[in-house]
Amino acid sequence: DYERFTGKLVKIRTFELLPDDAGNMRKTFTGELLGLGGGIVRLKLTEGQTAGIPLGKVAKANLEVEF
């Protein structure tokens with residue numbers, strides 16, 4: 001599903017706090033799904049930075065409604 005929904009807006013929640021690429025610690029990541037590679041889910045966050053989330057740390061992933 002991570003490959004099929006590439007380019008869509010998603011919300012991913014993790015089991016524990018993880019850093020985004022700017023170093024901010026968070027459990028909820030919302031942004032454009034860039035894909036899955038090497039077991040890492042890549043997102044372009046709505047705040048502008050990117051994030052790489054290990055697939056094993058994902059607690060829940062949902063598509064978000066785009067307006």
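At a glance:
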| item | result |
| --- | --- |
| Estimated distance in nm for a label pair at A59 and R26, the labels positioned 7 Å out from Cα along Cα-to-Cβ | 1.5 nm |
| Size of electric dipole in the chain: Cβ of Lys, Arg +1 and of Asp, Glu -1, about Cα centre, debye, nearest 20 | 180 debye |
| Relative contact order, percent, the chain [alpha-carbon distance under 8 Å, six or more residues apart] | 36 percent |
| Average accessible surface area per residue within the chain, 1.4 Å rolling probe, Å² | 62 Å² |
| Qualifying aspartates and glutamates (Cα of each under 16 Å from Cα of K8; at least 8 residues distant if same chain) | E32, E47, E64, E66 |
| Lysines whose Cα lies under 16 Å from that of K57, excluding same-chain neighbours fewer than 8 positions away | K11, K27 |
| Cβ-defined net charge surrounding L18, 10 Å radius [Lys, Arg +1; Asp, Glu -1] | +1 |
| Rg in Å to one decimal, and Dmax rounded to a whole Å, for the chain via C-alpha atoms | 10.6, 31 |
| Förster-model FRET efficiency, 22 Å R0, L36 and K11, C-beta, rounded to 0.05 | 0.85 |
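The values are calculated or read from the model by the stated rules, or taken from the named source; none is laboratory data. Keep in mind that what you see is a predicted model, and the values were worked out from it rather than measured. Here the Cβ is made from the backbone with ideal geometry for all residues, glycine too, and neighbour counts use every protein chain on show. Keep in mind that these areas ignore ligands, DNA and RNA; they rest on the heavy atoms of the full protein, side chains included. Shrake-Rupley method; radii C 1.70, N 1.55, O 1.52, S 1.80 Å.
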